[in-house]
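For reference, the structure is listed below as structure tokens.
No value in this document is a laboratory result; all are computed from the given coordinates. Keep in mind that this is a model prediction, so the values were computed, not measured. Cβ coordinates were reconstructed from backbone atoms using ideal geometry, including for glycine residues, and neighbour counts include every protein chain displayed.
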Amino acid sequence: MLIKTYNEQNFTLEILYHIGALEDSIHFIFDHSTKTCALIDPAWDADLFIQRITDKGYRLTDIWLTHWHFDHTNAVDELVEKTGAKVIIGVDEMPYLQIDTLPETVAHNDTIFIGKTAAKIINTPGHSAGGICYLLDKHLIAGDTLFVFGAGHCSLPGADAAKFYHSMQKLKQINDDVMLHCGHDYGDKIETTMGEQKSGNAYLLIDNEADFVNFVEGMAQGLITYPTAAVSKSAIKLML
């Protein structure tokens, strides 16, 4: 297990990498003022997460989900049962969600809080029907919407490659110095900025919907190799 910690004025972001069968990245947001914690996409090991939070003198009060997929939600019900934490998810994910807990829903441009720490909601459908990203001060927590030099697949119920293209256009508006944090460590590095991704991530470089859909579908068919490192626009053209 690898751990990265980022200390900001109002909060500390801690990330545990390579958790569980699918090696998820689990994100903790510790609000300094209230000693409360939001846990993003908890899966595989509820007791580990609770222990880590309580050992730091914090309480788990919020669970924020980026999307409904099992490997990002399978510890939610156990955590709610043991802590009473509330759950938040994008409103368009509700028809697909497979947990017993009834969550609160959020929509594009909403702002939510853990203590004094604010997170802006960016609606990014495509990998799933209603996936969302959380934009905090200097950090974007993207789930499987965007990986380091890659992105999530579009193969499960609710996925849509054309919608995914338009989600990428939203992410291109985020400031270059914002750090990207992903749902899995699938690229050739862990720490990256949105500026670096805009210059080398094929999913952000492709600038028309038809080519983007062809790229996603070609990858699903095994015709295009999934990128794990930076690519150029000329390299993308050769792939297409």
**Request:** Convert each backbone phi in region 84-100 into a coupling constant with the Karplus relation 6.51 cos²θ - 1.76 cosθ + 1.60 (shift: θ = phi - 60°), then list the ³J(HN,Hα) values in order as whole Hz, x for Gly and Pro.
**Result:** x, 4, 8, 10, 10, 8, x, 4, 7, 8, 4, x, 10, 5, 10, 10, 7
**Fill in**
Fewest-first ordering of Asp41, Asp176, Asp77 by Cβ atoms within 10 Å yields Asp176, Asp77, Asp41
**Asked** Arranged by the count of other C-beta atoms within 10 angstrom, fewest first, what order do His67, His32 take?
**Response** His32, His67
**Fill in**
Correct semi-axes for region 164-240, from √(5λ) of the alpha-carbon gyration tensor and rounded to whole Å with the largest first, are 20, 15, 11
**Part-to-part distance (alpha-carbon centres) for region 200-216 and region 49-106, which is given in Å** = 32
**Asked** Applying the Karplus parametrisation 6.51 cos²θ - 1.76 cosθ + 1.60 with θ = phi - 60° to the phi angles of region 177-191, what ³J(HN,Hα) value in whole Hz is obtained for each residue in order, glycine and proline being reported as x?
**Response** 7, 6, 7, 9, 10, 10, x, 8, 8, 10, x, 8, 7, 9, 8
**Request:** Show the residues, 5+ positions off or on another chain, whose built amide H is closer than 5 Å to the amide H of His184.
**Result:** Ser25
**Request:** Report the net charge of residues surrounding Ile224, where surrounding means a beta-carbon distance below 14 angstrom and charges are Lys +1, Arg +1, Asp -1, Glu -1.
**Result:** -1
**Fill in**
Sequence order, region 57-71: Karplus ³J(HN,Hα) from phi using 6.51 cos²θ - 1.76 cosθ + 1.60, θ = phi - 60°, Hz rounded, Gly and Pro as x, gives x, 10, 10, 7, 10, 9, 10, 10, 10, 8, 6, 8, 4, 3, 6
